[in-house]
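Visitor: Below is a structure I'd like to ask you about.
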Amino acid sequence: MRIAETIGIVTLSKCHPSLTGATWLVAVPLTLEGMAGKAAGRGEPFVVFDEFGAGVGSKIAVAEGGEAAAPFHPDTKPIDAYNAAILDTLEFTQL
């Protein structure tokens, strides 16, 4: 699971019938530096399936690959990245 920040919304003209009612977000994965607000800590944008209603600028927890489809078992959905949680706060401790 990765932490990402949403930077946009995808508009589809057609989608798989099992995906009706959700949105697709454009998100960038964040490293520790990115979570602290530094631009250098942001990765390449990717698309995330969202059923929770995250908005642009939200920090989200993203499940990818096979784990992205796991919440829908036994149904199948053609997704590769899933918004598993909207994060309200991030706290860092130094070890």
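The values are calculated or read from the model by the stated rules, or taken from the named source; none is laboratory data. None of the values given here were measured: they were computed from a predicted structure. With ideal geometry, Cβ positions are generated from the backbone for all residues, glycine too; neighbour counts draw on all protein chains shown.
The rows are residues; the columns are (1) at pLDDT 90 or above; (2) surrounded by 12 or more Cβ atoms within 10 Å (Cβ to Cβ); (3) among the small types (Gly, Ala, Ser); (4) in a loop (DSSP other than H, G, I, E, B).
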site: Ala61; (1), (2), (3), (4): yes, yes, yes, no
site: Lys77; (1), (2), (3), (4): no, yes, no, yes
site: Ala85; (1), (2), (3), (4): yes, yes, yes, no
site: Glu91; (1), (2), (3), (4): no, no, no, yes
site: Gln94; (1), (2), (3), (4): no, no, no, yes
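Visitor: Please verify whether segment 2-9 includes one or more residues that are out of contact with any Leu (no Cβ under 9 Å at 6 or more places or on another chain) and either more than 17 Å from Leu90 (Cα to Cα) or not in a strand (DSSP E or B) (or both).
Guide: Restricting attention to segment 2-9, the residues satisfying the condition of being out of contact with any Leu (no Cβ under 9 Å at 6 or more places or on another chain) are none.
Within segment 2-9 (the criterion being out of contact with any Leu (no Cβ under 9 Å at 6 or more places or on another chain) and either more than 17 Å from Leu90 (Cα to Cα) or not in a strand (DSSP E or B) (or both)), the answer is no, since none of the residues qualifies.
Visitor: So, one more: If the Cβ limit is 7 Å and pairs must be 6+ apart or interchain, which residue in segment 11-32 that is in contact (Cβ under 8 Å) with a residue 60 or more places away in the chain pairs with which residue that is surrounded by 10 or more Cβ atoms within 10 Å (Cβ to Cβ) and part of a loop (DSSP other than H, G, I, E, B)?
Guide: Cβ pairs passing all conditions: His16/Pro78; Ser18/Lys77; Leu19/Lys77.
Visitor: Still on this structure, please answer the following. Here are some residues: Gly65, Gly57. Which one is within 14 Å of Ala84 (Cβ to Cβ), in contact (Cβ under 8 Å) with a residue 12 or more places away in the chain and either buried (at least 16 other Cβ atoms within 10 Å of the Cβ) or within 14 Å of the chain's Cα centre (by Cα) (or both)? Steps first, answer last, please.
Guide: On the way: Gly57 fails: within 14 Å of Ala84 (Cβ to Cβ).
From the options Gly65, Gly57, the qualifying one is Gly65.
Visitor: Of all residues in segment 17-31, how many are over 9 Å from Ala4 (Cα atoms) and at pLDDT 85 or above? Walk me through how you get there before you give the answer.
Guide: Filtering segment 17-31 down to residues over 9 Å from Ala4 (Cα atoms) leaves 17-26.
If we keep only those that are at pLDDT 85 or above too, we end up with 23-26.
Looking only at that region, the number is 4.
Visitor: Is it true that some residue in segment 35-43 is closer than 18 Å to Asp88 by Cβ and assigned to a strand (DSSP E or B)?
Guide: Start the filter on segment 35-43 by keeping residues that are closer than 18 Å to Asp88 by Cβ, which leaves 35-37.
In the following step, the residues that additionally are assigned to a strand (DSSP E or B) were identified as none.
Checking segment 35-43: not a single residue is closer than 18 Å to Asp88 by Cβ and assigned to a strand (DSSP E or B).
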